[in-house]
Every structure is written in C-alpha cells, then in structure tokens.
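Participant: Quick one: structure below, then a few questions.
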Amino acid sequence: MEDKQKINQSTSGLDLSVLEGFHLMAKPAGPACNLGCDYCFYREKKKFFSKDQTFRMSDEILEAYTREYIKSQPGNTVVFEWQGGEPTLAGLDFFQRALIFQKKYNAGKQINNSLQTNGTLIDAEWCAFLKKNNFLVGLSLDGPEAVHNVYRKDKKGHPTFSKVFNALKMMQEHGVEVNVLATVNRESCKYPLEIYRFFREADVQFIQFIPIVERDADTEAQQLGIPLAGPTSITHLETSLAVTPWSVEPNQYGEFLISIYNEWIAHDVGDVFVMNFEWTLGVWAGARPGMCHVSRRCGQNLIMEHNGDIYSCDHFMYPAFRLGNIMEGSLAEMVYSQKQIAFGTVKETALPVDCRCCDVLFACRGGCPKHRFAVTPDGEPGLNYLCPGLKDFFHHVQPTMEQMLALISQGNPVKKIMEMTS
Ligand code: SF4
Ligand code: SF4
C-alpha cells in the first residue's frame, strides 16, 4: 500500500488531493441566474432571502471573504471557487476587484481561481480576462444540442445550446482552461457514447459527470416554501422517496458510466480526463480522495452566499445548516464548530450495515449524503439512492483499475492499458 500511495493518483499526472484545509466556495450573485434550467436545485434558495435582495456581493463582504479565507488556509496555495446561481451576473468588474483584494491579502501564497458558469454571458472580453488571470472554468454543458436543450433553457423556455457551445469554442480559442460539467439526468443517461464522443470531438479534455437526483417536496420543503425536498436525514426514514421526473435512475447511472468507461479505456486514457474515473483511480491507489462524495467524511466544502452567510455545503443550503456570517465571526470557528463537525462525521457514522459490509466501500464511501434517502433491504435508512448503479460501476472497473495501478507502480505508461484491453 505504501508504494500505491506514492503513485500519482491520476492518469493526467495532476495531483488531485484537493482537500487540504477546507474549501469555501463563494456565490457573488447568490442564487440569481439568467437561465431557468428545469433541474436546478439552487434557484429555489432565493426563498431564504428577503424579496428586496439584489443578490450581489458587496465589496465589504468580498474583502472580508478574501482576507479571512486566505488567512484560514494552511497550505501555500489558496483556491478561490466562484459559483452560483450564475456568478458572471456579478460582472467582470467584480472579479477585477476580487483580484485586487487577492493581491492585497495573499501573504506570499499562490492564489488560483476557478469559475463555474453556464457560459451564456461569456464574450471575448471575459475570455481575455479569464486567460490573462489563469482562471480554470467549469462550463455547464450536458452534451450535443438535442441532449443539452432538454433541460437547460432560458427563463422563457428557449434552448441555450448555441450560446454555450459558442462560449466553449471562444474560450478554447483564447486558451482558457475549460472543464466541462455535464449532468447525468433522466434523458441524457440514454446517450452515453453520443455525449462522450461529442465532447471528445469538441476537443474537451476534462469532463465531469454529475448525477441529477432530486426528490419531490416533503413536509419540510412545504414549510420552507420550496418545490424540492429539504435536506436528507440519513439517520431516519425519509417521508418523500419519489424523485423528480428529471432525476437519473440508479441502474441507468451505472450503465451510463460503464459505457463511457469502456470507450475511454479502449481509446483515450491519458488524452481525455473523465474526472469520475480519475478520482476512482485515486481511491483505488489508496490516495486522498479528490472528491467529497468518495471521502469518508463531509464538512470541508462549504459555501458562502452573496451576503456573507456561510453554510455547511452547497447541497445543504438550508436555514438549519447556516454556520454564521463572514462579517460576524472567525471563519475557523465556524468551519471547526461542533455543528459542522457533526454534519461532516455523520456521513461515516450513519453508514448502514449494507455499506459497512460492502466490498467497494473503500471506493464509494456511501456517496453524497444528499442522495442517501433510500432504505436497505433490511429497512435501514441512509442508503444511497444510486447504490445499485454505483456498485455496478465499481465492480466493472475493478480489474482495469488494478491493471492501471500495476502499470504505474512498474514505471510503465498508464496508456498501455489500452493495448492490454484491446
Ligand atoms: S455501493 Fe452501495 S452498499 Fe456499497 S458503499 Fe456504495 S452505497 Fe453503500
Ligand atoms: S454533502 Fe455531498 S456535496 Fe456536500 S460535502 Fe458531503 S459529499 Fe460533498
């Protein structure tokens, strides 16, 4: 195992250990967005703010966030992640001011920025800015036109593919580093190879697949006045088990990943980086997980809303998971508070017996608590809704994961796996 830990955990040669310290993602425009995608889980969070909100982060909050976040990070590199809603609604000048504050407070540390966007407001000026300042961009693009347009629409219901695809091409021409974020939903899961080949042909090198799983409103959601179910309780039986019509089904999710994995392992290892596979290889190597879903515990990926409010996680932005405000208290005290520690540890301590006895627990870790509303065959709560699909995927990749690790530890190029499996 010691040898395994020395191996780089990714076929890209990148170190994917992201969880040093903690991450505090910021939302400069809060839940505001210029689109109206059917499956969005964040738009409803507007309900938690007063009606007269402008949903723009003030310079006062931005400065406090920059100062406190840099101060709180133990390493020499600090990563600022900007997300939404749609963060570009805050305007280019907001991000220019963010860089000024970063320069003021960096204390000699390396500062990196990443921006997650729907791409529809990206123009040449944005591209020049993103390139000049080395932003890593996560672009939400679900696949080819017919797939993308099913759920990703503007507020009038018009399709958005052309604008987003243009943004991708423009950013590529400017040399901006782009990572495509593609959801796996009830519709897109039917077209794994079409989607993967479309990205490959569009010269996308980094792809992340994100399962869409939302439940219909439960009593708690009705009390909060939001249309999707409230936070999952992984220790109690949930009352709302029905998922929305756009949620991917467990087996479909597994089949989707397996189809793409088969194509990737045959043709693209070392050229295309599907982050789901890179992270899997990482955990197989015994390295620190590159993704919170497959970590033992949660709690290290917090969010800060436009008004400075800090929450346990992007997927738990509910009043009960508010930890405080950046203007009010020490960031470290909020992150290492009993409340946040309890939020983080329950992922592991509440694993049902089925997970504890599962042969792929080391790779799966029960998945994201947001998805843990299913019940085991013995009636125990807290099982991941996606479990059958996750299990199929991990079992399917096991032999080739082990072969890739053997190649790496023998000093051979991981790309050799393509010859071995042909
Ligand atoms: S595959 Fe299923 S049983 Fe195994 S750890 Fe993951 S969620 Fe639990
Ligand atoms: S709740 Fe899910 S998204 Fe949030 S930190 Fe845990 S695994 Fe990650």
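Participant: Of the residues in the stretch 380-397, how many are without any contact (Cβ under 8 Å) to a residue 40 or more places away in the chain and more than 16 Å from ligand 2 (Cβ to nearest atom)?
Facilitator: Total satisfying the criteria: 2.
Participant: I would also like to ask the following. Within the stretch 270-309, can you find the residues that are on the phi > 0 side of the Ramachandran plot and either within 16 Å of ligand 1 (Cβ to nearest atom) or out of contact with any strand residue (DSSP E or B) (no Cβ under 7 Å at 6 or more places or on another chain) (or both)?
Facilitator: Of everything in the stretch 270-309, those that are on the phi > 0 side of the Ramachandran plot and either within 16 Å of ligand 1 (Cβ to nearest atom) or out of contact with any strand residue (DSSP E or B) (no Cβ under 7 Å at 6 or more places or on another chain) (or both) turn out to be G270, G286, G299.
Participant: Scanning the stretch 310-322 for residues that are aliphatic (A, V, I, L, M) and more than 14 Å from Y69 (Cβ to Cβ), which turns out surrounded by the most Cβ atoms within 10 Å (Cβ to Cβ)?
Facilitator: That would be M317.
For (1) surrounded by fewer than 18 Cβ atoms within 10 Å (Cβ to Cβ); (2) within 14 Å of ligand 2 (Cβ to nearest atom); (3) modelled with pLDDT under 95, each residue gets a yes or a no:
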position: R288; (1), (2), (3): yes, no, yes
position: G308; (1), (2), (3): no, no, no
position: I326; (1), (2), (3): no, no, no
position: L331; (1), (2), (3): no, no, yes
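Here is a yes/no grid of residues against (1) in contact with a strand residue (DSSP E or B) (Cβ under 8 Å, 6 or more places away or on another chain); (2) modelled with pLDDT of 95 or more; (3) within 22 Å of V335 (Cβ to Cβ); (4) not basic (K, R):
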{"residue": "S50", "(1), (2), (3), (4)": "no, no, no, yes"}
{"residue": "R56", "(1), (2), (3), (4)": "no, yes, no, no"}
{"residue": "P74", "(1), (2), (3), (4)": "no, no, yes, yes"}
{"residue": "E81", "(1), (2), (3), (4)": "yes, yes, yes, yes"}
{"residue": "G91", "(1), (2), (3), (4)": "no, yes, no, yes"}
{"residue": "F95", "(1), (2), (3), (4)": "yes, yes, no, yes"}
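Participant: Taking helices (runs of 4 or more DSSP H) that do not extend beyond the stretch 310-369, which have at least 2 residues that are without any contact (Cβ under 8 Å) to a residue 12 or more places away in the chain and more than 16 Å from ligand 1 (Cβ to nearest atom)?
Facilitator: Once the helices (runs of 4 or more DSSP H) in the stretch 310-369 are filtered for at least 2 residues that are without any contact (Cβ under 8 Å) to a residue 12 or more places away in the chain and more than 16 Å from ligand 1 (Cβ to nearest atom), what remains is 338-349.
Participant: Please work out which one of (1) modelled with pLDDT under 95; (2) under 18 Å from the mean Cα position of the chain (by Cα) is the condition Y336 fails and give its number.
Facilitator: (2)
Participant: Now, a different point. Could you list, in sequence order, all residues of the stretch 125-139 that are without any contact (Cβ under 8 Å) to a residue 60 or more places away in the chain and not in a loop (DSSP other than H, G, I, E, B)?
Facilitator: E125, W126, C127, A128, F129, L130, K131, K132, L136, V137, L139
Participant: While we're on this one: Under the condition of being of a type in the set (D, E) and closer than 21 Å to A287 by Cβ, which residue from the stretch 339-398 is surrounded by the fewest Cβ atoms within 10 Å (Cβ to Cβ)?
Facilitator: This residue is D359.
Participant: Still on this structure: Take T345 and decide whether it is β-branched (V, I, T), touching a Lys or Arg at 6+ places or on another chain (Cβ under 7 Å) and either more than 13 Å from ligand 2 (Cβ to nearest atom) or at pLDDT 95 or above (or both).
Facilitator: Yes; evaluated as a whole, the condition is true for this residue.
Participant: Okay, next question. Take the residues of the stretch 370-379 that are assigned to a loop (DSSP other than H, G, I, E, B) and more than 9 Å from ligand 1 (Cβ to nearest atom): which is farthest from T244 (Cα to Cα)?
Facilitator: D378
Participant: Which of the residues spanning the stretch 352-369 are under 22 Å from the mean Cα position of the chain (by Cα) and away from ligand 2 (no atom under 11 Å from the Cβ)?
Facilitator: Residues satisfying the conditions are V360, L361, F362, A363, C364.
Participant: Related question: If the Cβ limit is 7 Å and pairs must be 6+ apart or interchain, which residue in the stretch 405-422 that is farther than 16 Å from E263 by Cβ and without any contact (Cβ under 8 Å) to a residue 40 or more places away in the chain pairs with which residue that is assigned to a helix (DSSP H, G or I) and aliphatic (A, V, I, L, M)?
Facilitator: Qualifying pairs under 7 Å: L407/V414; L407/I417; K416/L407.
The values are calculated or read from the model by the stated rules, or taken from the named source; none is laboratory data. Fair warning: this is a prediction, and the values are worked out from it, not measured in the lab. Using ideal geometry, Cβ is built from the backbone for each residue, glycine included, and neighbour counts are taken over all protein chains shown.
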